[in-house]
Amino acid sequence: MVEKALELSRADDCVVIAEHTSTANLRFAGNTLTTNGTTESTRVTVISVVGRSAAVVSRSAVREDQLEELVAAADRAAREAQPADDAGPLVSGGEQSPGWARPVEPTGIEVFESFAPALGRAFAAAEAGGRRLYGFAEHIVTSTFVGTSSGLRLRHDQPTGRLELNGKSADLKRSAWTGVHTRDFTDVDVFALDEALATRLEWARTRVELPAGRYETLLPPSAVADLMIYMYWSAGARDAVDGQSVFSKAGGGTRVGERLSPLPVRLYSDPAAAGLECAPFNVVHASGRDSSVFDNGLPLSATDWIADGELRALQQTRHSAAASGLPVTPGIDNLLMSGPEGGRSLEEMIASTERGLLLTCLWYIRTVDPQTLLLTGLTRDGVYLVENGTVVGEVNNYRFNESPVDLLGRVTEVGRSEPTLPREWNDYFTRTVMPALRVPDFNMSTVSQAS
């Protein structure tokens with residue numbers, strides 16, 4: 001399909017992106033499997049370039065006999081389009097990925113071959129313990145093919161799996177959540193996850209009402225992931241150069257080179273990170289402030305966004321890099337964070353807490369002020385009071401107001417990094433490794449009635 005579309009194009013240059021996506025899922029409620037199924041879909045995107053103008057036409061379920069009309073539509077739109085401000089030469093080279101022409105291998109329900117029986121046994125254990133398990137398991141495999149008139153033939157097969165598990169008491173008054181990301185479900189320990197839920201449900205037997213205010217707070221890796229992902233998505237160089245973001249420097253320019261944390265925090269992405277492997281080349285379906293269709297196929301490599309507590313890079317296209325004078329650093333589909341060597345586990349951090357709050361996860365995160373990246377959102381599925389190193393009960397939920405950038409400057413402890421699943425953003429971003437964080441004055445702005 002890619003080769004034929006390139007042959008059909010009459011534009012000056014052309015990029016074709018073809019994607020095949022397959023999914024398999026299990027859904028369950030009240031310790032019972034409710035549904036399961038599989039789906040497959042395809043999409044072809046044609047980016048035609050005429051002079052300095054580009055146009056994108058994308059359609060799903062395209063048959064081979066429909067390609068000519070699809071390509072003609074893209075060519076025609078490019079001839080009628082205004083010049084693109086990010087216009088530039090396509091990425092050059094004759095590179096061809098291994099297995100370029102190999103047939104796609106879709107996922108199927110068999111990906112749960114070992115996980116499903118274990119889930120059934122976890123249902124039985126939960127039933128015996130007076131708990132109910134709810135949630136879903138999903139596995140997605142997307143095969144992406146990128147071909148260009150400049151000679152690139154690139155392919156990436158991306159497996160993405162996630163499990164969300166919610167445990168509730170028999171009377172449904174107590175609730176706890178956990179989740180994991182995985183490439184193939186062979187590494188998911190559903191019994192350990194259920195045991196963690198059981199522990200939290202026991203903590204919730206004691207209820208403590210606390211007012212809004214600033215509390216020493218332990219943020220678990222999942223909550224940290226949601227905050228860091230939002231910051232990562234907001235770290236566009238073009239907005240920073242234009243003075244429109246928290247990463248804009250007073251008087252002009254960006255804050256690259258500025259220290260954001262007194263601790264040696266590192267936030268980075270790496271396409272080759274073990275267990276979090278993702279596409280090693282740029283795939284762009286439409287140009288935006290932080291992306292350019294002219295950058296399709298650009299090689300990606302390990303990138304430090306923050307290193308030793310200092311802002312090192314912002315997301316850039318070749319076009320924005322020319323304006324900012326900074327290196328070309330496109331976005332990458334994973335995110336990892338670490339602190340000083342010897343970071344403690346979350347359990348060890350709890351044991352050393354005199355009095356503070358322990359969160360489970362964050363939910364409904366939204367921007368209040370983009371200039372400071374002040375965010376608001378809610379706590380969910382368990383906020384616990386820690387006293388003298390012991391969890392003594394569950395407290396009410398809160399609405400929080402915090403900036404992840406400002407928060408980095410106030411963190412007093414960075415725990416041990418571990419793979420985690422963000423709660424809020426796992427529909428879009430699953431591949432994360434994060435530590436727990438200790439914040440001495442996390443702002444619980446109001447009490448929430450959400451439960």
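The values are calculated or read from the model by the stated rules, or taken from the named source; none is laboratory data. Remember, it's a predicted structure, so these values are computed and weren't measured experimentally. Ideal geometry is used to build each Cβ from the backbone, glycine not excepted, and the neighbour counts take in all protein chains shown. Side chains are part of the model used for accessible areas, which takes the heavy atoms of the whole protein and leaves out ligands, DNA and RNA. Shrake-Rupley method; radii C 1.70, N 1.55, O 1.52, S 1.80 Å.
In debye, nearest 20: dipole of the chain around its Cα centre with unit charges on the Cβ of K, R (+) and D, E (-)? Kindly include the intermediate steps, with their values, before the conclusion.
Details: 42 positive and 58 negative charges, 158 e Å.
So the dipole magnitude of the chain works out to roughly 760 debye.
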Spacing of the two label points (7 Å from each Cα toward its C-beta) at Thr199 and Asp85, in nm: 5.1
10 Å binning of all Cα-Cα separations within segment 205-264, expressed as whole percents from 0 upward: 18, 32, 28, 15, 6, 1
Relative intensity, log₁₀ I(q)/I(0), of segment 254-372 from a Debye sum that treats every alpha carbon as a point, q = 0.21 Å⁻¹: -1.31
For segment 339-451: Kirkwood Rh in Å [reciprocal of mean 1/r, alpha carbons]: 15.0
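Which trypsin sites (Lys or Arg not before Pro) does segment 236-276 hold that lie in a coil by DSSP with at most 14 other beta carbons within 10 Å?
Working: sites: Arg238, Lys249, Arg255, Arg259, Arg266; in loops: Lys249, Arg255.
Answer in residue order: Lys249.
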Length released on extending from Ala351 to Thr39, taking residue separation times 0.36 nm less the Cα-Cα span: 107.7 nm
Distance histogram for segment 225-317 (every C-alpha pair counted, 5 angstrom bins, percent rounded to whole numbers): 3, 13, 18, 24, 21, 14, 5, 1, 0
Dimensions in Å of segment 32-79 - Rg and Dmax from alpha carbons: 16.5, 59
Cut-off 20 Å (backbone N to label point 7 Å along Cα→Cβ of Asp189), residues of segment 328-371: 343-351
Dipole of the chain, positive end: most advanced residue of Ser114, Ala279, Pro435 [Cβ charges, Cα centre]: Pro435
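Take the Cα atoms of segment 1-132, build their convex hull, and give its volume per residue in Å³.
Values: hull volume 23.2 nm³, N = 132.
Considering the Cα atoms of segment 1-132, their hull volume per residue is 176 Å³.
When 1/r is averaged over all different Cα pairs and the result inverted, which Kirkwood radius in Å belongs to segment 122-235?
Working: mean 1/r = 0.0569 Å⁻¹.
Evaluated over segment 122-235, this radius sits at 17.6 Å.
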Where the Cα pairs of segment 405-447 fall when distances are cut into 10 Å bins, in %: 25, 38, 36, 2
Overall form of segment 282-322 per C-alpha gyration tensor (a/c, 1.5; a/b vs b/c): prolate
HN-Hα J in Hz across segment 257-265 - Karplus 6.51, -1.76, 1.60, θ = phi - 60°, x for Gly and Pro: x, 8, 7, 9, 9, x, 8, x, 6
Within the accessible area of segment 280-323 (1.4 Å probe), percent carbon and sulfur: 51
Distance (nanometres) between label positions extended 7 Å along Cα→Cβ at Glu68 and Gln371: 5.7
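So for segment 162-312, averaging the separation of alpha carbon pairs under 8 Å that are six or more residues apart and normalising by length, what relative contact order in percent results?
Working: 175 pairs, mean separation 25.0, N = 151.
The value is 17 percent.
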Enclosed volume per residue, in Å³, of the convex hull spanned by Cα atoms of segment 145-188: 99
Centre separation in Å (Cα based) which lies between segment 183-248 and segment 377-451: 5
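Quick check on the chain: helices-only [θ] at 222 nm, where DSSP H runs of length 4 and up contribute -39,500 (n - 2.57) each and the sum goes over total residues. Nearest 500, please. List each step's numbers first, then the result.
Numbers: 9 runs with 85 residues, N = 451.
Value at 222 nm, helices only, nearest 500: -5500 deg cm²/dmol.
Ignoring ligands, DNA and RNA, what accessible area per residue does the chain give at 1.4 Å, in Å²?
Values: 19070 Å² over 451 residues.
Per-residue value: 42 Å².
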Calculated P(r) tail over 16 Å for segment 322-369, as whole % of Cα pairs: 72
Extended-chain gain in nm, criterion 0.36 nm per residue less alpha-carbon gap, Ala250 and Asp406: 54.6 nm
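When the convex hull of the Cα atoms of segment 342-401 is projected onto a plane and the area is averaged over all directions, what value comes out in nm²?
On the way: hull surface 20.8 nm².
Projected area, direction-averaged: 5.2 nm².
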Mean separation of Cα contacts under 8 Å (6+ apart) over length of the chain, as relative contact order %: 15
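Within the chain, what's the longest stretch lacking GluC sites (Glu not before Pro) that sit in DSSP loops with no more than 10 other Cβ atoms inside 10 Å?
On the way: sites that count: Glu209, Glu341, Glu354.
In short, 1-208.
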Two-site label geometry, Ser60 and Arg10: point separation in nm, points 7 Å out along Cα→Cβ: 3.1
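Ignoring any ligand, DNA or RNA, what whole percent of the accessible area of segment 329-396 comes from carbon and sulfur when the probe is 1.4 angstrom?
Values: 1310 of 2670 Å².
Roughly 49 percent of what the probe reaches on segment 329-396 is carbon or sulfur.
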Cα-derived Rg to Rh of the chain, Kirkwood definition: 1.00
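How high is the FRET efficiency from Ala286 to Asp441, r the C-beta distance, R0 45 Å, rounded to 0.05?
Numbers: r = 41 Å, r/R0 = 0.91.
Efficiency at R0 = 45 Å is approximately 0.65.
Looking at segment 392-451, which chymotrypsin sites (Phe, Trp or Tyr not before Pro) are DSSP coil and have at most 15 other C-beta atoms within 10 Å of their C-beta? Show your work: numbers first, answer last.
Working: sites: Tyr398, Phe400, Trp425, Tyr428, Phe429, Phe442; in loops: Trp425, Tyr428, Phe429.
The qualifying sites are Tyr428.
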Linear extension gain, Glu387 paired with Arg76, 0.36 nm per residue minus alpha-carbon span: 105.2 nm
For a label point 7 Å along the Cα-to-beta-carbon line of Gln449, residues of segment 149-181 with backbone N under 20 Å: 173-175
